[in-house]
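Peer 1: First the structure, which I've put down as structure tokens, then a few questions once you've had a look.
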Amino acid sequence: MPLTLRRRVATAFGLGSLLLTGVLAAATWNLAGDYMLRQREQSAVRQAEVNALLVANSLRSGSEGLGELLAGLTSDSPTSVLLQRPGGWITSGRRIDPTVLPDDLMDEASAGVPASRRLDVDRVPVMAVAVPTGGGSDVFVQLFPLLELHRSLSFLGVVLVAGVASSGFLGFGLGAWASRRALRPLAELTAAASRVASGELHTRLPQYRDRDLAALATAFNDTTEALEARVRRDARFAGDVSHELRSPLTTMTNAAAVLRRRRAELTGAAGQALDLLLSEVARFERMVVDLLEISRDHQQADGPTGEIVDLAELVRNVLAARSRAPIAVEVGAPPPVVQGDRRRLDRIVSNLLDNADRYAGGAVRLAVLRARGRVRIEVDDAGPGVPEDMRERVFERFARGTQAGQRGQGGGSGLGLALVAQHVRHLGGRVWIEDRPGGGARFVVELPEAEH
Amino acid sequence: MMQRSTRGAPVRSLDRGADGTQARLLLVEDDERIRQALGLALADEGCEVVEAGSGEEAFDLLETTRVDVVLLDLMLPGVDGLDVCRTLRARGDLPIIIVSARADSADVIEGLEAGADDYVTKPLVASELAARIRALLRRRHPADAARRSLVVGEIEIFPDEEVVRRAGTQVHLTRTEFRLLVELAAAEGRVVTREELLKRVWGYDYFGDTRLLDVHIRRLRRKVERDPDAPESVLTVRGRGYKVSGTA
């Protein structure tokens with residue numbers, strides 16, 4: 001899987017800073033090591049020369065104190081001293097086999113030039129300084145251990161490696177932070193776009209000061225604004241049409257009521273025509289009322305809602321207002337309560353009951369339950385059920401399920417379940433259809449539970 | 001002035017009260033066809049309908065004739081329907097039902113705040129309207145008829161005389177506000193649900209508009225509470241309804 005843009009930027013930052021600090025650390029290591037070694041060498045040579053002078057004086061006076069002097073030279077420091085005389089080696093301090101000394105060192109010193117070498121003796125790094133003494137026949141050799149210096153150098157090494165590693169991590173972190181900052185507008189755009197896709201058409205991006213981003217934001221905002229205006233215009237058109245229908249419909253329904261009362265006065269074809277007219281006026285009215293409800297909902301957000309509603313009580317009330325023999329309501333304990341517009345809840349329940357009446361011979365079970373912070377209304381019927389592929393579609397407007405064309409008497413507006421879905425969405429819930437155990441359909445409405 | 005006599009054969013007549021005469025309605029509506037159709041249908045429901053095409057016409061009519069209920073459209077030529085409503089309410093407690101095509105919450109609340117007793121939206125049928133009218137004209141007697149008066153805190157209610165006193169001073173309530181208060185007081189501190197109130201005061205079987213109740217409770221509190229924002233007598237019971245506190 002390719003790395004994300006952010007991860008790539010962070011990695012580049014990390015590698016870059018690792019490389020940079022690595023080079024710097026290597027240079028520091030070399031320069032510092034070199035410098036420290038040279039310093040040590042110079043001081044070693046100076047000290048060896050002073051000691052060689054002392055030895056030369058002692059040799060000149062031919063005194064007996066040479067052994068004592070050599071012992072004194074090595075008493076307070078962990079060095080070794082060797083004196084090559086024509087008669088052999090005199091040593092003091094830590095025992096050293098003179099053969100470990102490189103020949104070229106001794107040759108140079110014998111030729112009268114002080115010389116120094118770094119070498120390992122018994123696995124201890126030392127600085128060997130050879131100085132001609134005693135009139136040129138003798139060579140004074142002193143070995144200075146370099147343990148201290150090596151320790152310092154390895155400590156420096158550890159510090160440098162740690163520095164390089166942490167600067168690599170720091171670089172990665174900085175890269176991650178910087179890229180997140182730089183890409184934040186992109187994240188905002190993504191979030192805004194998905195909000196728009198989910199129906200929040202009033203979503204807008206903030207005005208960025210950056211010119212490139214400002215152009216992007218403006219383009220996005222213009223697009224959503226145009227989309228919102230379009231959607232609102234369409235919704236308003238449906239609403240306006242329905243609204244204009246209110247007045248003629250009022251005239252029609254009342255004139256129809258007057259006629260219905262005198263139905264007996266009309267016989268034969270006229271009476272039949274009147275029946276047709278009356279039932280269609282009734283259906284027309286239901287349709288307009290539902291259309292008004294569905295389009296009003298699009299135009300206006302909820303007013304002051306947030307009423308606490310005892311759902312079981314509400315369901316019982318809806319049932320009591322219906323002409324069918326009321327069925328018992330199963331209620332969870334404690335009684336589930338929801339927060340929302342009571343009129344929406346009324347409509348949800350009564351439309352589901354209407355639906356059961358119309359297509360499945362009426363509801364056979366009604367339950368108001370609670371589960372995991374949510375409240376459920378279940379409306380069961382013993383009808384033919386709803387096939388899987390229709391279970392989403394029946395909630396669309398003017399969807400008529402498998403019974404298409406079968407409108408029968410008192411057909412619905414085709415908006416009942418669409419209104420249910422819309423109201424449930426407004427209340428922050430979900431609605432779906434299941435199989436009822438034992439045949440038939442179960443309509444389930446799940447809503448967030450209100451705090452008691 | 002247009003007046004329509006009852007035609008056809010009314011199934012039942014709409015009693016105005018104890019004397020049994022027909023209810024006289026003033027229908028204020030500018031759409032001639034609606035006026036005619038609604039007039040015919042209401043006559044069938046047993047009402048006597050007097051029609052007016054504008055607010056001004058309605059005021060003129062009320063000078064010369066007595067009506068029991070006003071049915072008021074909001075979109076009127078000339079004086080706006082809401083202003084007509086406010087003027088009528090300022091003059092007295094003549095029951096007013098707003099019959100409007102506007103169904104937005106803001107419109108409903110504005111109409112009720114203007115003093116209307118009920119608010120119904122078009123399209124509507126005369127039978128439904130007649131039920132509203134019947135509920136408005138029904139006199140409410142408390143359950144316990146023997147009882148002369150009800151007391152809620154410093155509020156004293158005399159159901160028979162339709163008089164309310166707060167701390168000895170008479171408070172003027174509309175008929176609907178009065179009946180709402182009596183219903184709550186008669187429950188003696190028990191909770192009365194919204195549905196019960198809608199049914200008993202407005203005659204809604206169900207699907208009553210709870211905004212109707214909210215606005216009337218607000219109006220009632222403004223008249224009987226010392227501080228309407230911190231009510232002491234008419235209390236809201238969250239999620240259930242209303243109750244009174246301090247019954248004697």
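The values are calculated or read from the model by the stated rules, or taken from the named source; none is laboratory data. Keep in mind that this is a model prediction, so the values were computed, not measured. As a convention, Cβ positions derive from the backbone with ideal geometry for all residues, glycine included, and neighbour counts pool all protein chains shown.
Peer 1: Is it the case that region A:180-202 has a residue that's within 17 Å of A:PHE13 (Cβ to Cβ) and not charged (D, E, K, R)?
Peer 2: Yes, region A:180-202 has at least one match.
Peer 1: Consider region A:316-349. How many of its residues are part of a helix (DSSP H, G or I) and closer than 19 Å to A:GLY428 by Cβ?
Peer 2: Kept after step one, since they are part of a helix (DSSP H, G or I), are these residues of region A:316-349: A:316-320, A:342-349.
Checking which are closer than 19 Å to A:GLY428 by Cβ leaves us with A:342-349.
Residues meeting the conditions: 8.
Peer 1: Can you tell me which residue within region A:318-343, out of those that are modelled with pLDDT of 85 or more and at the interface with chain B (Cβ under 8 Å from one of its Cβ atoms), is farthest from A:GLY373 (Cα to Cα)?
Peer 2: Taking the candidates together, the pick is A:VAL318.
Peer 1: To continue, here is another question. Is there any pair with a first residue in region A:257-283 that is within 14 Å of another protein chain (Cβ to nearest Cβ) and a second that is of a type in the set (Val, Ile, Thr) whose Cβ atoms are under 9 Å apart and which are 6 or more apart or on different chains, and what are they?
Peer 2: These pairs meet every condition: A:ALA257/B:VAL125; A:ARG261/B:VAL11; A:VAL281/A:THR253; A:ALA282/A:THR253.
Peer 1: Right, another one. Being buried (at least 18 other Cβ atoms within 10 Å of the Cβ), under 16 Å from B:THR121 (Cβ atoms) and more than 8 Å from chain B (Cβ to nearest Cβ) is the filter here, so list the residues in region A:223-244 that pass it.
Peer 2: Listed by number, the residues that qualify are A:GLY239, A:SER242.
Peer 1: Search region A:37-63 for residues that are under 24 Å from A:TRP89 (Cβ atoms) and pair each with any residue that is part of a helix (DSSP H, G or I) when their beta-carbon atoms are under 7 Å apart and the residues are at least 6 apart or on different chains.
Peer 2: Listed pairs, sorted by first residue: A:ASN51/A:LEU73; A:LEU54/A:LEU69; A:VAL55/A:LEU69; A:ALA56/A:GLY134; A:SER58/A:LEU66; A:SER58/A:LEU69; A:LEU59/A:LEU66; A:LEU59/A:GLY134.
Peer 1: Something else now. What are the residues in region B:94-105 that are over 16 Å from B:VAL69 (Cβ atoms) and more than 7 Å from chain A (Cβ to nearest Cβ), if any?
Peer 2: B:ARG102
Peer 1: For region A:344-392, which positions are without any contact (Cβ under 8 Å) to a residue 40 or more places away in the chain and within 14 Å of chain B (Cβ to nearest Cβ)?
Peer 2: A:ASP346, A:VAL349, A:SER350, A:LEU353
Peer 1: Now for a different question. Report whether or not A:ALA441 is buried (at least 20 other Cβ atoms within 10 Å of the Cβ), touching a helix residue (DSSP H, G or I) at 6+ places or on another chain (Cβ under 8 Å), modelled with pLDDT of 90 or more and on the phi < 0 side of the Ramachandran plot.
Peer 2: Taking the combined requirement at face value, the residue satisfies it.
Peer 1: Inside region A:4-53, can you point out the residues that are buried (at least 17 other Cβ atoms within 10 Å of the Cβ) and of a type in the set (Ser, Thr, Tyr)?
Peer 2: Across region A:4-53, the qualifying residues are A:SER17, A:THR21.
Peer 1: Taking A:LEU292 as the residue in question, decide whether it is modelled with pLDDT of 85 or more and among the aliphatic types (A, V, I, L, M). Explain how you work it out, then say what you get.
Peer 2: On the way: modelled with pLDDT of 85 or more: no; among the aliphatic types (A, V, I, L, M): yes.
Judged against the criteria, A:LEU292 is not a match.
Peer 1: Would you be able to say whether some residue in region B:113-127 is more than 12 Å from chain A (Cβ to nearest Cβ) and among the β-branched types (Val, Ile, Thr)?
Peer 2: no
Peer 1: Quick one: is A:LEU427 at pLDDT below 90 and farther than 17 Å from A:ARG391 by Cα?
Peer 2: Considered against the rule, which asks whether it is at pLDDT below 90 and farther than 17 Å from A:ARG391 by Cα, A:LEU427 comes out as yes.
Peer 1: Testing A:LEU201 on (1) within 14 Å of chain B (Cβ to nearest Cβ); (2) touching an Asp or Glu at 6+ places or on another chain (Cβ under 6 Å); (3) not hydroxyl-bearing (Ser, Thr, Tyr), one condition comes back false. Which one is that?
Peer 2: Result: A:LEU201 passes all but (1).
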